[in-house]
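Worksheet: the structure to be examined is printed underneath.
The values are calculated or read from the model by the stated rules, or taken from the named source; none is laboratory data. Remember, predicted model here, so these are calculated numbers, not experimental data. Reconstructed Cβ throughout: ideal geometry from the backbone, glycine too, with neighbour counts over all protein chains shown.
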Amino acid sequence: MTASGTFGYGEEYRDFVDISALGGIIVKGTTGSHREGNPYPRMAETPMGMLNAVGLQNKGVDAFISETWPRIRTFQTNILVNVSGSTVEEYVEVASKIAGVKDIPGIELNISCPNVKEGGMAFGTSCPSAIAVTRAVREVFPRHLMVKLSPNVTDIVEIAKGVEGAGADSVSLINTLLGMAIDAETRRPLLSTVTGGLSGPCIKPVALRMVWQVASAVKIPVVGLGGISSATDAVEFLLAGASAIQVGTANFVDPSVSGRMVDGLSAYMQRHNIEKITDIIGALDIS
């Protein structure tokens, strides 16, 4: 799949990728109402990665359903909507409206958003908050509910098990790590928000470790992401226990990378005489 926020709505990449060859695309974060996002500058390049503080810029769920969905619904792949919010009520509102669009097979719940009613702490960094928002959305959304976990926590396994118990059908991890960048000449931060989300190859070892830990602890499928930029990277996540993967920042570097990754996975299977890709899920040998 392609990760939310890095593939737009699929339209932007159709000239570079055969979208029908992908398992799915996850469209950018969708909120209850229109958001302009954070002030510029809100992206900064770092060694082996990038920082972003876009701030969930989008037109809101009503505009997505009335304007965007009719244009992309014909894509021959699974389209999941990344659902974001600042309150439990906003998450429920967005999920309820998406539930009314019968052709959308599932949502990805972004619990890395700040909870405005709890002093700005992200839903995903508090196990009770993560459970509460997952349970509330589960009550109004009947189809596949994937919960995207934040890595900015002490124990990601605890939160994964919590959202599993609250009704999640799968979990995806990891979201971005909190980071910052400074311009030494101006002595100012490179992002208007000072801190932002770190993504790209630099976070892959952390993502792999967390996927392995979570996959060993939950019974629901785990979707791995974080620094995946080649078929080899994808295989590593599958070996660690991921049932599927998402490609994110690499899409900015090479718009055709997700399509080439599908071919690379096929080549890997042929080279190792693997009949089904599921045969290598969780097959890491640690003996």
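Is it true that some residue in the range 112-120 is surrounded by 21 or more Cβ atoms within 10 Å (Cβ to Cβ) and over 18 Å from GLY224 (Cβ atoms)? Taking every residue of the range 112-120 in turn, at least one turns out to be surrounded by 21 or more Cβ atoms within 10 Å (Cβ to Cβ) and over 18 Å from GLY224 (Cβ atoms). The condition of being closer than 22 Å to ASP233 by Cα and within 20 Å of the chain's Cα centre (by Cα) holds for GLY23. Summed over the range 121-138, residues that are surrounded by fewer than 20 Cβ atoms within 10 Å (Cβ to Cβ), touching a strand residue (DSSP E or B) at 6+ places or on another chain (Cβ under 9 Å) and outside any helix (DSSP H, G or I) total 1. Checked against the criterion of being touching a Ser or Thr at 6+ places or on another chain (Cβ under 7 Å), without any contact (Cβ under 8 Å) to a residue 40 or more places away in the chain and part of a loop (DSSP other than H, G, I, E, B), the range 37-60 has at least one qualifying residue.
Any residue in the range 100-115 that is modelled with pLDDT under 95 and of a type in the set (Gly, Ala, Ser)? Yes, that holds for at least one residue. Scanning the range 74-99 for residues that are farther than 26 Å from ASN52 by Cα, in contact with a helix residue (DSSP H, G or I) (Cβ under 8 Å, 6 or more places away or on another chain) and outside any helix (DSSP H, G or I) yields PHE75, GLN76, THR77. If you go through the range 16-72 and pick out every residue that is β-branched (Val, Ile, Thr), over 24 Å from VAL94 (Cα atoms) and surrounded by 20 or more Cβ atoms within 10 Å (Cβ to Cβ), you end up with 2. Regarding SER287, is this residue farther than 27 Å from ASP15 by Cα, in a loop (DSSP other than H, G, I, E, B) and of a type in the set (Ser, Thr, Tyr)? Yes, satisfied.
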